[in-house]
Amino acid sequence: MTAMLAVATIALLAVMLMALIRALSGPTVFDRILAVNMFGTKTVLLIAVYGFLTGRPDFLDLSIFYALINFIGVIAVLKFVERVGENDEAEKS
């Protein structure tokens with residue numbers, strides 16, 4: 001079971017690296033936001049797997065809290081981008 005969790009941790013780190021690369025090189029703002037959201041989701045999974053790997057399931061509380069912060073943060077950034085886009089369109093008219 002420990003080996004399986006270790007492999008899952010390595011796979012999560014690899015996917016997080018790919019998401020980080022996508023966030024840095026995304027062609028549009030929305031691609032970057034989506035990549036950052038995916039990075040946050042994988043971080044939640046990594047915290048949970050690490051908690052089970054070390055025998056501390058109380059890390060699940062931390063991962064749930066981080067998931068909530070990730071969700072609220074992405075919604076806030078999307079609202080900000082939406083407002084900036086509205087202001088840019090108003091200035092062009």
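Read-outs: derived from the displayed coordinates by stated rules, not from any lab. No experiment lies behind these values; they were computed from the predicted model shown.
Computed over the chain, relative contact order equals 24 percent, with contacts defined as Cα pairs under 8 Å that lie 6+ residues apart.
Along its principal axes, the stretch 2-92 has C-alpha extents of 58, 26, 10 angstrom, given from the largest down. Based on alpha-carbon centroids, what's the gap between the stretch 46-63 and the stretch 69-86 in Å, whole number please? About 29 Å separates the Cα centre of the stretch 46-63 from the one of the stretch 69-86.
Relative to the longest principal axis of the Cα atoms of the chain, helix 29-53 runs at roughly 20 degrees. Helix 59-92 axis versus longest C-alpha principal axis of the chain: approximately 10°, rounded to the nearest ten.
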